[in-house]
Amino acid sequence: MIKRYLYLKGTGQKGRGVFTNKTIPSDTIIEDSPVIVMDKADRIYLDKTLLHDYIFEWGLQKDKCCMALGYLPMYNHSYISNCEYFMNFEDETIQVKTIRVIDKEEELTINYNGNWNDNKKVWFDVV
């Protein structure tokens, strides 16, 4: 499930991102996406491809990875994001929920570290 008011748009430096054409209230689930779960051996191959930038660690032990479907791979990173995501290992889905009001035409972001305000440097931001 992806809310109809979400859309993809170019952002310039970050490529494409997810935007909204209406104001979204805080605590709104905007996407519930299925995932394709892969094991550790698959991750070795994926890390050598462009897909490395779009997969998520998966499982309680983070010993697997997954490719999320829907718009989920297109949300850009922010250290103080306006959305957060929740993994459901049993149902093999990831939900995206707003953490504050999102203005019309605003980009929706997630923190790639997993927590919406985690300032630990991510792999592409390490100097």
Of all residues in the stretch 11-69, which are charged (D, E, K, R), surrounded by fewer than 18 Cβ atoms within 10 Å (Cβ to Cβ) and in contact (Cβ under 8 Å) with a residue 40 or more places away in the chain? Lys14, Arg16, Lys22, Asp27, Asp53
Name the residues in the stretch 102-127 that are touching a strand residue (DSSP E or B) at 6+ places or on another chain (Cβ under 7 Å), at negative phi and modelled with pLDDT of 90 or more, would you? Ile102, Lys104, Glu106, Glu107, Leu108, Thr109, Ile110
Of Tyr75, Tyr85, the only residue that is out of contact with any Leu (no Cβ under 7 Å at 6 or more places or on another chain) and of a type in the set (Ser, Thr, Tyr) is Tyr85
Considering only residues that are part of a loop (DSSP other than H, G, I, E, B) and under 10 Å from the mean Cα position of the chain (by Cα), which ones fall in the stretch 71-112? Tyr71, Tyr75, Asn111, Tyr112
Which ones in the stretch 23-59 are within 28 Å of Ile99 (Cβ to Cβ) and modelled with pLDDT under 90? Leu51, His52, Asp53, Tyr54, Ile55, Phe56, Glu57
Mind checking whether some residue in the stretch 70-90 is modelled with pLDDT under 95, surrounded by 14 or more Cβ atoms within 10 Å (Cβ to Cβ) and touching a Pro at 6+ places or on another chain (Cβ under 9 Å)? yes
Give me the strands (runs of 3 or more DSSP E) completely within the stretch 1-61, filtered to those with at least 2 residues that are touching a Cys at 6+ places or on another chain (Cβ under 7 Å), ordered by residue number. 29-38, 55-58
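The values are calculated or read from the model by the stated rules, or taken from the named source; none is laboratory data. What you are looking at is a predicted structure, and each value in this text was computed from that prediction instead of being measured. Because the Cβ atoms are built from the backbone with ideal geometry, glycine has one as well, and the counts that use them run over all protein chains shown.
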